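Laboratory data are not the source of any read-out in this text; all were calculated from the coordinates shown. Bear in mind that the values here come from a model prediction, so they are computed numbers and not experimental data. Cβ coordinates were reconstructed from backbone atoms using ideal geometry, including for glycine residues, and neighbour counts include every protein chain displayed.
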Amino acid sequence: AQKITQTQPGMFVQEKEAVTLDCTYDTSDPSYGLFWYKQPSSGEMIFLIYQGSYDQQNATEGRYSLNFQKARKSANLVISASQLGDSAMYFCAMSRSNDYKLSFGAGTTVTVRA
Amino acid sequence: DTAVSQTPKYLVTQMGNDKSIKCEQNLGHDTMYWYKQDSKKFLKIMFSYNNKELIINETVPNRFSPKSPDKAHLNLHINSLELGDSAVYFCASSQIVRAGETQYFGPGTRLLVL
């Protein structure tokens, strides 16, 4: 069974600083996708960034980047230049080639301080 | 225009009642999903439909019955509601069924069973 682990239940970060959210995964499937979603207090799930298991380069989307270390099975999200609007819960998720559902980690709550 | 929409946004009902949640996507996607987010914010897949055909059916009580009248709609009917059904239910869609395909979520339906 696949498993996603987010070990940081909550984090505080100063505005304009960078923050790294940890995510490790466990799968024996060679083909999989890794995703990060943001859930603000309003409740919606917002897609942030995607990394494919065969991608050679780390994914980047604006202030979001994914630090993909395949051998360690980690897919950490880096948010640069944090803004107050980044305060939210962040979920790491994975889908596999023969199992199209998203399996989610427990989430990390980020609070950005002014 | 909202890409994935759900109605209602809030649903408060008594134990034992039957209720439905509707989902519509205007992205032209082939695949739609239902996820449940419990009180601890844990997200789990319930069902998935691809081109109106059920492809994922996780261990969900048979009081839950999804229906996909067409590719753009996926409804969830719940019979004999129980207290434990209180949760946020998210609909999502993706273009095709594939591991790396991004799933886009609706705003969620907050169900409270009294």
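For segment B:6-46, the convex hull drawn through the C-alpha positions has a volume of 111 cubic angstrom per residue.
Pairwise inverse Cα distances across the protein assembly as shown, averaged and inverted, put the Kirkwood hydrodynamic radius at 18.1 Å.
Would you give the gap between the C-alpha center of segment B:74-98 and the C-alpha center of segment B:16-49, rounded to a whole Å? Going from one Cα centre to the other spans 3 Å. Each of B:HIS73, B:HIS29 has some number of other Cβ atoms within 10 Å of its Cβ, and from fewest to most they run B:HIS73, B:HIS29.
Loop-located trypsin sites (Lys or Arg not before Pro) across segment B:25-75 with a Cβ neighbour count of 15 or fewer within 10 Å are B:LYS40, B:LYS41, B:LYS52, B:ARG63, with loop assigned by DSSP.
Summary value for chain B: 37 percent relative contact order, contacts being C-alpha pairs under 8 angstrom separated by 6+ residues.
Taking every alpha-carbon pair under 8 Å whose residues sit at least 6 apart, segment A:27-71 reaches a relative contact order of 29 percent.
Sequentially through segment A:15-21, phi angles give Karplus couplings (6.51, -1.76, 1.60; θ = phi - 60°) of 3, 6, 8, 8, 9, 10, 9 Hz, Gly and Pro residues having no value and appearing as x. For the protein assembly as shown, a simple Cβ point-charge model (Lys and Arg +1, Asp and Glu -1, everything else neutral) yields a dipole of about 260 debye relative to the Cα centre. Ranked for footprinting exposure by Cβ neighbours inside 10 Å, fewest first, B:LEU112, B:LEU11 give B:LEU112, B:LEU11.
Note on chain B: Cα-Cα pairs beyond 16 Å make up 55% of the total pair count.
Classification of segment B:48-114 by its C-alpha gyration tensor yields a prolate form. The axis ratio a/c (a ≥ b ≥ c) is 1.5 or more, and a/b outweighs b/c.
Neighbour counts of other Cβ atoms within 10 Å put B:VAL4, B:VAL113, B:VAL12, B:VAL97 in the fewest-to-most order B:VAL12, B:VAL97, B:VAL113, B:VAL4. Average 1/r across all pairs of distinct alpha carbons in segment A:38-114, invert it, and you get the Kirkwood radius: 13.6 Å. With the simple spin-label model, which puts each label point 7 Å out from Cα in the Cβ direction, the B:ALA72 to B:ALA3 separation comes to 1.7 nm.
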